[in-house]
Amino acid sequence: MSLNYLATRFTCSWPWSTATLLCDGRLVCGCADPYGKRVLGDTRTASVAAVWTGAVAATLRQDINAGGSRFCGDCPLKLPLKKDDQPPQRGLDVGTLPSRLYVECTAACNISCAQACCAPETGITRTRQAGMLEFELFTRVVDEAGPALARIDFFNYGEAFLHKRAVEMCEYIKGKFPHIYLYTSTNGLAFTEDAVKRLVHSGIDEVTFSIDGARSESYVKYRQRGDFAKAIGNLGIACQEKRRAARDVPFINWRYILFTHNDSDEEMNLARRMAQDLGVDRLCWELTDHPEDMFSRRFVPGTPDLDAVRHQIWDANNLGNAIDGATPRAEISVRGTLPGLPIIARRGRKTRVTTRVRNASARAYPAQASYGRRLVRLGAQLCDAAGAVINRDYERAWLPSNLEPGTATDIEMTITPPDTPGRYTLRFDLVCEGIDWFEACGSPVTAKSLLVL
């Protein structure tokens, strides 16, 4: 196939894992298709499996393996290939269903974000053949795809909770398929107090409130027609109800887009204090390059200000936190061996290693958690002698109990030596299961040589 018409060669993994259900029932390829230009099929007239394995999706995968596709158009999810790079070759046998699904309840929104493609003024709702996702269509899609899904992102364009049955949809997903990780993002303005509390009890795993500012006058510059007091109030109700019910889900984020009008130390520090007082699990800053007259210049790449908050940026990692002391940090030492000497093990014989782990942050590390996610365990990554990772998930060890801030505990780990004798490196780090390694947000890793005889 000739690719001369393509400005750049590219690759993309989305068609191998993810589909997006628009509110009118059509399935599109990714979450960055505001006007429904890249349609794979229609669940109103076909099953999810028929769309996922159909000719449009199959041809798209073949084209991407060849270095690009006309179908993708101006999609921002594309990953350009360098001149001499060969496109990754992904298998074309993808199974009958996706493993991840975005669900768009509606493309309508109750506010107008400045110069956003999904603002009501752009006419996005006119690109949908239905204004709200039919509940019966929703249940049919979820019933079919649910057994294969690992995650549902319950949002796309528009404000999901404008749909009168949105919370009920969340309850349906978690009630029928509790294994699915259910995540949503909201501006927080479409809820009643009862609806916020009901969402907390729905079983949903993670909820993000998008609130860009710590004062009403800065918030409304981007979230036009928004109500800062209501958004913050519903965020607080969610945190309070979760605490009152002693639930460990949902994990509650406050995501704050940085603009020139809300990126001062004064306002960011106010947001930190508010998030702490409300009981938010995670506050993160989001960087953007639009609108042109509004995005923050203070935190562009290469600036010292960005470096100071690099672990607090939303897309940088999954654990960093702008709330003081909330970014996970651990100190790990290996006991029983002299400094500079390796751990010695014999092939075919397990060996035990004792570590001392200290919680150097201001929040406890949970030893247990709902659905096995967000609990914290000690991990050992197997690397070669030069430090290149061979197996990132080599060994795990449980915390004996929740590890409180400032406290330390001994953790014994059983190591199964590699079959090939030689020198290796073990890198010890804590891992928030299903989320990320502590190293990703700046926590130090302890490396120890392993000699296998």
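Yes or no, residue by residue, for (1) open to solvent by 60 Å² or more (accessible area, probe 1.4 Å); (2) within 21 Å of I111 (Cα to Cα); (3) at pLDDT below 95:
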{"site": "T184", "(1), (2), (3)": "no, yes, no"}
{"site": "G203", "(1), (2), (3)": "no, no, no"}
{"site": "I211", "(1), (2), (3)": "no, yes, no"}
{"site": "S218", "(1), (2), (3)": "no, yes, no"}
{"site": "G226", "(1), (2), (3)": "no, yes, no"}
{"site": "R243", "(1), (2), (3)": "yes, no, no"}
{"site": "F259", "(1), (2), (3)": "no, yes, no"}
{"site": "S264", "(1), (2), (3)": "no, no, no"}
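Output the residues belonging to segment 364-378 that are in a loop (DSSP other than H, G, I, E, B) and either touching a helix residue (DSSP H, G or I) at 6+ places or on another chain (Cβ under 8 Å) or crowded, with 16+ Cβ neighbours inside 10 Å (or both).
Residues satisfying the conditions are P366, A369, R373, R374, L375.
Could you tell me how many of the residues in segment 307-338 are open to solvent by 30 Å² or more (accessible area, probe 1.4 Å) and under 19 Å from the mean Cα position of the chain (by Cα)?
Selection size over segment 307-338: 8.
Q381 is checked against (1) within 26 Å of I344 (Cβ to Cβ); (2) part of a loop (DSSP other than H, G, I, E, B); (3) polar (S, T, N, Q); (4) in contact with a strand residue (DSSP E or B) (Cβ under 6 Å, 6 or more places away or on another chain) and fails just one. What number does that condition carry?
Result: Q381 passes all but (2).
Please identify the pairs in which a residue from segment 348-360 that is in a loop (DSSP other than H, G, I, E, B) has its Cβ atom under 7 Å from the Cβ atom of a residue that is open to solvent by 40 Å² or more (accessible area, probe 1.4 Å) and of a type outside the set (A, V, I, L, M, F, W, C), counting only partners at least 6 apart or on another chain.
Close Cβ pairs satisfying both conditions: K350/T414; K350/T416; A360/R329; A360/E331.
For segment 213-246, name all the residues that are farther than 13 Å from L278 by Cα and touching a residue at least 60 places away in the same chain (Cβ under 8 Å).
K221, Y222, R223, Q224, R225, G226
Any chance segment 80-93 includes a residue that's surrounded by fewer than 16 Cβ atoms within 10 Å (Cβ to Cβ) and hydrophobic (A, V, I, L, M, F, W, C)?
Scanning segment 80-93, I find at least one residue that is surrounded by fewer than 16 Cβ atoms within 10 Å (Cβ to Cβ) and hydrophobic (A, V, I, L, M, F, W, C), so the answer is yes.
Would you point out which residue out of C105, C118 is within 24 Å of D42 (Cβ to Cβ) and at pLDDT below 95?
C118
Taking the condition of being part of a helix (DSSP H, G or I) and open to solvent by 20 Å² or more (accessible area, probe 1.4 Å), how many residues in segment 30-64 meet it?
8
Which residues, counting only those in segment 294-315, are part of a loop (DSSP other than H, G, I, E, B), among the polar types (S, T, N, Q) and in contact with a strand residue (DSSP E or B) (Cβ under 7 Å, 6 or more places away or on another chain)? Step through it out loud before you land on a result.
We begin by selecting, within segment 294-315, every residue part of a loop (DSSP other than H, G, I, E, B); these are 294, 296-303, 309, 314-315.
Now drop any that are not among the polar types (S, T, N, Q), which leaves 296, 303.
Within segment 294-315, S296 is the sole residue that qualifies.
Quick one: L375 ticks every box in (1) touching a strand residue (DSSP E or B) at 6+ places or on another chain (Cβ under 6 Å); (2) free of Cβ contacts under 8 Å to residues at least 60 places away in the same chain bar one, so which box is it?
Exception for L375: condition (1).
Every residue in segment 279-292 that is open to solvent by 40 Å² or more (accessible area, probe 1.4 Å) and either part of a strand (DSSP E or B) or at pLDDT 95 or above (or both), please.
Of everything in segment 279-292, those that are open to solvent by 40 Å² or more (accessible area, probe 1.4 Å) and either part of a strand (DSSP E or B) or at pLDDT 95 or above (or both) turn out to be E286, L287.
The values are calculated or read from the model by the stated rules, or taken from the named source; none is laboratory data. On a predicted model such as this, the values are computed, not experimentally measured, just so you know. Cβ sites come from the backbone with ideal geometry, for glycine too, and all protein chains shown count toward neighbours. Surface accessibility is based on the protein's heavy atoms, side chains included, excluding ligands, DNA and RNA. Shrake-Rupley method; radii C 1.70, N 1.55, O 1.52, S 1.80 Å.
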